[in-house]
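A.B. asks: Dropping the structure in here first, questions after.
The values are calculated or read from the model by the stated rules, or taken from the named source; none is laboratory data. The structure displayed is predicted, hence computed values, not measured ones. Please note: Cβ atoms are built from the backbone with ideal geometry, for glycine as well, and neighbour counts cover all protein chains shown. Heads up: the accessible areas ignore ligands, DNA and RNA and are worked out on the full protein's heavy atoms, side chains in. Shrake-Rupley method; radii C 1.70, N 1.55, O 1.52, S 1.80 Å.
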Amino acid sequence: MHRPEENPAPAIRHRRHLRNTAIAVALGAVMFTVGAVALSPNGPGPRESSTTASATSAQTRGIEGLRARVKRLPKDPVSWADLGLALVQQARTTADQSTYAQAEGALRRSLALQPAENLHAEIGMGALAAARHRFRDALTWARKAVATSPATPASYGVLADAHTQLGQYEEAENAVQKMADLRPDSASLARASYVFELRGETARAKTLMARALRAAGTPGERAFAHTHLSSLALESGDAAAAERQAQAGLAITPRDAGLLEARAKARAAQGETGQAVADYTAAIAAAPLPQYLLGLGELQQSHGNREQAEAQYAVLRAQETLRRATGAPADVDAILFEADHGDPRQAVTMAEAAVRERPFIAVHDAYAWALHRAGRDEEALAEAERALTLGTRSALFRYHRGAIHQALGDTTAALHDLEQALAIDPSFHPLHAPAARAAIRRIDGTP
């Protein structure tokens with residue numbers, strides 16, 4: 001269960017100015033969008049407290065237990081909804097797409113039993129839509145959940161996640177503020193942290209994520225907070241602190257794929273390549289998500305292990321073939337992979353479709369890079385500017401824009417961005433960080 005924190009809700013809506021200075025950021029949107037982080041509506045709200053079937057959070061129950069419950073209570077809409085939401089979360093950890101279909105089946109069964117004011121199913125459908133990157137659908141379900149129960153914090157979590165991915169940042173901040181005002185627990189504090197992270201206010205983001213960790217009531221919540229604290233540390237250039245955070249999380253949840261990836265990145269940044277490869281391999285065994293495959297492949301490529309790199313890239317290409325068959329929009333990692341290791345023109349096509357559905361800053365950045373790799377640098381620069389419009393402090397974003405400036409002949413702007421990228425995180429990418437250093441040497445004439 002989510003525990004209210006000892007401190008009051010953080011003030012989020014204090015200003016709306018945009019900045020473009022440089023600190024690090026961990027773009028953890030995926031952890032919110034596909035993780036349905038702490039979205040169980042069970043809690044101390046007045047509506048839920050009267051619902052006996054939801055006395056225990058679905059997140060703390062095993063899938064089999066929930067399946068047994070729906071067999072005992074086949075006409076209970078809350079039991080079906082809890083099963084659906086638990087399956088959404090399982091799909092996140094296993095990357096098994098078929099589980100999403102099972103989740104949808106359970107949630108729609110709940111809605112068939114209770115078509116209107118079905119809070120649990122509405123939240124579950126919102127989380128499912130977000131996990132499938134159908135953010136407009138997620139927004140619709142979130143609004144239904146808010147209308148059904150305006151005092152339930154989890155409804156605002158779905159709402160905030162959808163607004164964020166749709167590029168509606170002010171609306172997202174308002175939803176997070178409302179969520180935190182209702183209950184300053186681990187879920188709302190984690191989202192508040194992300195608001196400040198997107199603004200480039202890393203210190204504030206770290207403080208709030210540390211509060212989220214203290215307020216965490218489940219192993220999953222603690223794992224999430226440690227993962228994010230590790231990312232914030234790594235992308236601030238502190239690889240040792242990043243490894244400590246990942247290690248602390250793995251002591252609680254040893255097979256958590258996100259934490260294994262976090263430790264892999266931290267170890268790679270410290271030159272511990274063998275251990276990093278082992279962690280990436282373990283993460284892929286737990287959940288073969290594109291970001292793990294790409295991370296391991298590019299790490300292997302950076303060390304000249306082309307055959308091992310190609311093995312990961314082959315899996316990514318197979319996953320892309322499956323994605324195209326479903327008609328789902330491409331994720332950021334798939335676009336970047338296609339741009340760097342496939343056909344840049346195809347990457348542009350993928351990015352154009354993705355940004356229409358999900359005009360989030362990370363998608364704008366991937367679009368910019370695809371355009372650059374395809375030789376369309378004027379258009380690429382406009383997208384790179386959109387990626388940095390919130391003042392988000394990302395070494396990768398800076399590197400991408402710096403490379404685009406260089407291609408356009410603006411060496412002053414290029415040098416500034418490339419130096420900023422390395423100042424944020426000297427080891428931000430196994431291939432691009434060395435490329436940034438080489439580009440700087442070419443620009444300033446350093447031997």
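A.B. asks: Take every Cα pair under 8 Å in the chain that's 6+ residues apart, average their separations, divide by the length, and report that relative contact order as a whole percent.
C.D. replies: Relative contact order here is 16 percent.
A.B. asks: Same structure, new question: How much accessible surface does Leu208 have with a 1.4 Å probe, in Å² rounded to 10?
C.D. replies: 0 Å²
A.B. asks: Let me ask another. Can you tell me the dipole magnitude for segment 356-446 around its Cα centre, using point charges on the Cβ only (Lys, Arg +1; Asp, Glu -1), in Debye to the nearest 20?
C.D. replies: My answer is approximately 220 debye.
A.B. asks: Considering only C-alpha atoms, what is the centroid distance from segment 384-447 to segment 147-209, in Å?
C.D. replies: 30 Å
A.B. asks: Okay, next question. Along the charge dipole of the chain, pointing to its positive end and built from +1/-1 on Cβ of Lys, Arg, Asp and Glu, which listed residue (Ala242, Pro77, Met125) has its Cα farthest out?
C.D. replies: Value: Pro77.
A.B. asks: In addition: Any idea what the dipole of the chain comes to, in debye rounded to 20, about its Cα centre with Lys/Arg Cβ at +1 and Asp/Glu Cβ at -1?
C.D. replies: The calculated dipole for the chain is roughly 1120 debye.
A.B. asks: Ok, one more. In percent, how large is the relative contact order of segment 324-436, given Cα pairs closer than 8 Å and 6 or more residues apart?
C.D. replies: The value is 18 percent.
A.B. asks: Which order do Glu385, Glu261 take when ranked by solvent-accessible area (1.4 Å probe, heavy atoms of all protein chains), largest first?
C.D. replies: Listed by decreasing accessible area, they come as Glu385, Glu261.
A.B. asks: List the pairs from Lys71/Lys144; Lys75/Lys144; Lys71/Lys178 whose alpha-carbon separation is above 31 Å, in the order I gave them. Could the numbers behind the result be given before it?
C.D. replies: On the way: Lys71/Lys144 28 Å; Lys75/Lys144 22 Å; Lys71/Lys178 37 Å.
Pairs exceeding 31 Å: Lys71/Lys178.
A.B. asks: Given a Förster distance of 45 angstrom, what is the FRET efficiency for Glu171 paired with Ala240, based on the Cβ-Cβ distance and rounded to 0.05?
C.D. replies: My answer for the efficiency is 0.75.
A.B. asks: On to the next question. Work out the length of the dipole vector of segment 237-323 about its Cα centre, built from +1 on the beta-carbon of each Lys and Arg and -1 on the beta-carbon of each Asp and Glu, and round it to the nearest 20 debye.
C.D. replies: For this selection, approximately 120 debye.
A.B. asks: Right, something else. Note down the net charge around Ala276, summing +1 for each Lys or Arg and -1 for each Asp or Glu among other residues with Cβ under 9 Å from its Cβ.
C.D. replies: Numbers: positive: Arg263, Lys265, Arg267; negative: Glu272, Asp279.
So the environment of Ala276 carries a net charge of +1.
A.B. asks: While we're looking at this one, here's another question. Two decimals is fine: what is log10 I(q)/I(0) at q = 0.14, 0.15, 0.18 Å⁻¹ for segment 292-447, from a Debye sum with one equal scatterer on every Cα and no solvent?
C.D. replies: Once normalised to I(0) and log-transformed, intensities are -0.69, -0.79, -1.12.
A.B. asks: Given a cut-off of under 8 Å on Cα pairs at least six residues apart, what relative contact order in percent is computed for segment 63-186?
C.D. replies: The normalised contact order for segment 63-186 reaches 18 percent.
A.B. asks: Now for a separate question. Would you work out which of Tyr313, Leu289, Gln300 lies farthest towards the positive end of the dipole of segment 255-364, given +1 charges on the beta-carbon of Lys and Arg and -1 on that of Asp and Glu, about the Cα centre?
C.D. replies: It is Leu289.
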